[in-house]
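Report on one structure; see the data block that follows.
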Ligand SMILES: [Zn+2]
């Protein structure tokens, strides 16, 4: 089985995100937000069948761990209360996708974070999504200020109540920023990669996993700049008298394969142990074109993993399937549950 651990509902029916814009505008004007729009099952089917599901079939992948559009989270755009309503809307919509296509999509939730608000406020929505909707993880924004980085690092104790809930529920978080408030930082080209890299460095500087030995984070987009600069990070850890990164972080931190070319995928697999790499494409996402050098879509990441000819079968299986099942502790049971759903197709 090939499990893609990183997909967002970027093709949601347009009234969904249009409502968020109205909600944010209403907040600014000091008036009540309009009622949430009606979205039919047929609209959801259409948005998935011609998009993510079509691509899964074309590329021969089986299941996508699916979450709301990351850039759409916009934690910096509204209050915690408004973000809570928005998170419910987004998570419920992803749940409907998973219910309509139970063999192909497993849910991961957006958290109702807001700048300056304790992450503890996210626990109720996390629990609802895991326990009631059958989701298997969450997306955690390390910078809900959208680029100001005005909050506290991921190792600060203010995050601990959320981590305690994640450990109790046996769910990981993908560390994932949202849109950028500053045009100097292009969202997917700079802000995302900065976020990935900064989060890793925060974890390196701290000692979070001594307190939470079973807490698990996935750093997406190939781990930002980290694998490419692995020597720098090993050296910084050494200078800071931190343990070897293999002991300090690699029991808890994982990287996905969303680097959109063959040499990048090879570097990742060379530098980072196979047990720490999860297959992902972030389809349909940041980069949607065809690479003129190969004639294939940049985000057709399966080709890059298939194309690493020195990668052993056991390692390949870990990257495509085994690691996802290990990191997302509830995945295997939820997959079995969803795939036995009556009427499940494909
Ligand atoms: Zn993403």
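Nothing in this text is a laboratory measurement; each read-out follows from the coordinates by a stated rule. This is a predicted model, so every value here is computed, not measured. Virtual Cβ from ideal backbone geometry, glycine too; neighbours counted across all protein chains shown.
May I ask you to compute the full-extension gain from residue 15 to residue 40, defined as 0.36 nm times their residue separation minus their alpha-carbon distance, rounded to one decimal in nm?
Separation in residues times 0.36 nm, less the Cα-Cα distance, equals 7.9 nm.
Say a paramagnetic label sat at a point 7 Å from the Cα of residue 81, along Cα to Cβ; which residues of the stretch 25-64 have their backbone N under 16 Å from it?
25-35
Taking every DSSP beta bridge that has both residues in the chain, what percent is antiparallel when rounded to the nearest 5?
Just about 5 percent of them are antiparallel.
Would you please give the FRET efficiency between residue 99 and residue 303, computed as 1/(1 + (r/R0)^6) with r the Cβ-Cβ distance and R0 = 35 Å, to the nearest 0.05?
0.70
Kindly state, to the nearest 0.05, the FRET efficiency for residue 132 paired with residue 310, given R0 = 45 Å and r defined as their beta-carbon distance.
0.50
Which FRET efficiency, nearest 0.05, do residue 325 and residue 150 yield, Cβ-Cβ r, R0 51 Å?
The calculated FRET efficiency here is 0.90.
Which value in nm describes the separation of the simple spin-label points at residue 210 and residue 49, placed 7 Å from the Cα toward the beta carbon?
Result for the modelled spin labels: 5.6 nm.
How long is the gain from residue 290 to residue 186 if the chain were fully straight, where each residue apart is worth 0.36 nm and the alpha carbon distance is subtracted?
So the extension gain works out to 35.4 nm.
In cubic angstrom, how much convex hull volume per residue do the alpha carbon atoms of the chain span?
Taking only Cα atoms, the chain has a hull volume of 134 Å³ per residue.
Taking the Cα centroid of the stretch 310-342 and of the stretch 119-172, what is the distance between the two, rounded to the nearest whole Å?
23
Quickly estimate the mean residue ellipticity at 222 nm for the chain, helices only: each DSSP H run with n ≥ 4 gives -39500 (n - 2.57), and the total goes over all residues, rounded to 500.
Calculated at 222 nm, the ellipticity per residue is -11000 deg cm²/dmol.
Which length gain, in nm to one decimal place, applies between residue 168 and residue 92 when the Cα-Cα distance is subtracted from 0.36 nm times their residue separation?
The residue 168-residue 92 span can extend by a further 25.1 nm.
What number does the stretch 63-220 give for Rg over Rh if you use C-alpha atoms and the Kirkwood radius?
0.94
Return 283, 214, 11 ranked ascending by Cβ neighbour count within 10 Å, so the fewest neighbours appear first.
By the 10 Å Cβ count, ascending: 214, 11, 283.
Considering just Cα atoms, how many Å³ per residue does the convex hull of the stretch 1-131 enclose?
104
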